[in-house]
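The values are calculated or read from the model by the stated rules, or taken from the named source; none is laboratory data. From a predicted model like this one, the values you see are computed outputs, not experimental measurements. All Cβ positions, even for glycine, are placed from backbone atoms using ideal geometry, and neighbour counts span all protein chains on display. Please note that ligands, DNA and RNA were not included when accessible areas were found on the heavy atoms of the full protein model with its side chains. Shrake-Rupley method; radii C 1.70, N 1.55, O 1.52, S 1.80 Å.
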Amino acid sequence: MKALVYSPAAAATAFLDLIEYETPQDTEYSCLIKVLGCGVCGSDLLKLERALVKPNTVLGHEMVGEVFEINEALSRKYNLKKGDRIVSSHHVPCGKCNYCLNDKESLCSQFKSTNFNPGAFCEYLELSEDHLKHTVIKLNEETSNLSASFTEPVACCIKAIKKSGLFAHKGSTTVLILGLGSIGLIIGRLINYYRKHKDLLHSSVSELYTQQNYYQEGINLYGCDPIETKLKLAAESGFDKVFNDIALINNAEKPDYIFLSAGANICIDLAISYIRDGGTIVVFSSVPDSAKAFTNNDIYYKELSIISSYSPNLSDLKESYQLISENKIRVSDLISHTANLSNLGEIIVKARKDNGIKVYLDLGDRAVIRPPQP
Ligand SMILES: [Zn+2]
Ligand SMILES: [Zn+2]
């Protein structure tokens, strides 16, 4: 099969090289998935740029696919057959360790060691029975491949919002999203949705509403990014105010919650200096130079909470798919560039030049890489 692999020499194509790769096989305890599409995550780009993976690694985890080979036993057990469209996250938590028992599934050692074989920037991948048991979600007919590919990133954002405690805040409050790429925009759209809907069935965000009989109408939702097109998209996404410079936020508008979705070294310092006393900063992106330190006393005297959120829990994935498949959160317009296996590297480079939002690898149509039929 064709696969895009990490190649340190391929700087002109975002360090991606298209090669012939051994096609994985299904086994007694796994099935074979034909990849239909995959979102390109900021973390994939970081791994490529900073050489965080070995040469010839196949990346890609925001995968949507189709069951291609599955044995009868697994088919019966998990109610899946050839041709069913699915999404699955790449890591599977064990469900038993201390981290899993305390809603920190992304820290579980099994979570970190499990993955697709080999990844999703390719034509086929092998999914283990653990994936079938815990992470696979069968798609309904109405949900497009592209929208379904957002299940994992939207789930990451749902977890971050839950961890922030924003919806347990009493009285009115202000939240600032620093960095309005796809993740920042998704967080904003989710907050905008949750602040208007108290009737969610399965979410712990909604449990917070009912436990406290408290409908959080008083959330001011602000966003900040230097790029005009992103500010425009944020304004259309339900943000109440957008700023191209954090210094434009006046004292009365200071946020109680800041989500860091920007990935620049300076952001944590900016957040600490602009947040209201007692505020919460949610670290939600990696930065190039993590040696930077903030001051002990800024945190201590302002009584700040600095928390982080990394990867989703299984319950967040289910909630995410529910929101996407019921069209409660809009995602498809966040794809600014679409690519195929032959040109993904070039399109990633172009998307960066264009200040694009997100790139989608579309394998729904294989004509581009298959020789024409006689
Ligand atoms: Zn991701
Ligand atoms: Zn575990």
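The table below gives the values:
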read-out	value
Modelled FRET efficiency - R0 30 Å, SER273 with ASN355, Cβ distances, 0.05 increments	0.70
Under-5 Å amide H pairs with SER144, H placed in peptide plane, nonlocal only	none
Among PHE68, HIS134, THR114 the positive-end extreme of the charge dipole of the chain (Cβ point charges)	HIS134
Under-5 Å amide H pairs with ASN220, H placed in peptide plane, nonlocal only	THR173, THR174, VAL175
Segment 138-179: mean projected area of Cα convex hull, nm²	4.7 nm²
Cα long-axis angle, helix 344-353 against the chain (0 to 90 degrees, to the nearest 10)	20 degrees
Length gained when the stretch CYS97-ALA12 is fully extended (0.36 nm per residue, less Cα-Cα span)	26.3 nm
Antiparallel DSSP beta bridges within the chain, as percent of all bridges there, nearest 5	55 percent
Kirkwood-Stokes translational diffusion coefficient of the chain, alpha-carbon pairs, 37 °C, 0.692 mPa s, µm²/s	152 µm²/s
Dipole in debye (nearest 20) - the chain, about Cα centre, beta carbon charges: Lys, Arg +1; Asp, Glu -1	380 debye
Placed amide H near LEU304: partners under 5 Å, 5+ positions off or other chain	GLY278
Integer Hz, Karplus 6.51/-1.76/1.60 couplings in order for segment 331-337, x for Gly and Pro	10, 4, 6, 7, 7, 8, 9
Förster-model FRET efficiency, 22 Å R0, SER109 and LEU46, C-beta, rounded to 0.05	0.50
Probe 1.4 Å, accessible area per residue of the chain, Å²	46 Å²
For the chain: relative contact order, % (alpha-carbon pairs under 8 angstrom, 6 or more apart)	19 percent
Angle in degrees between helix 182-196 and the longest Cα principal axis of the chain, rounded to the nearest 10	60 degrees
Degrees, to the nearest 10: 151-164 long Cα axis against longest axis of the chain	30 degrees
In segment 118-165, GluC sites (Glu not before Pro) in a DSSP loop with at most 10 other beta-carbon atoms within 10 Å	GLU141, GLU142
Vicinal HN-Hα couplings computed from phi for segment 15-22 (Karplus, 6.51 cos²θ - 1.76 cosθ + 1.60; Hz; Gly/Pro x)	6, 10, 10, 8, 10, 7, 10, 4
In Hz, Karplus ³J(HN,Hα) per residue of segment 49-55 (6.51, -1.76, 1.60; θ = phi - 60°; x = Gly, Pro)	5, 9, 6, 8, 10, 6, x
In Å², nearest 10: area of HIS337 left accessible to a 1.4 Å probe	20 Å²
Förster radius 25 Å - calculated FRET efficiency between LYS170 and THR295, Cβ distance, rounded to 0.05	0.30
Among the listed pairs LYS104/LYS170; LYS328/LYS358; LYS34/LYS77; LYS138/LYS196; LYS159/LYS353, those beyond 22 Å (Cα-Cα)	LYS104/LYS170; LYS138/LYS196; LYS159/LYS353
ALA235 versus LEU314: modelled label distance in nm, points set 7 Å from Cα along the beta carbon direction	4.5 nm
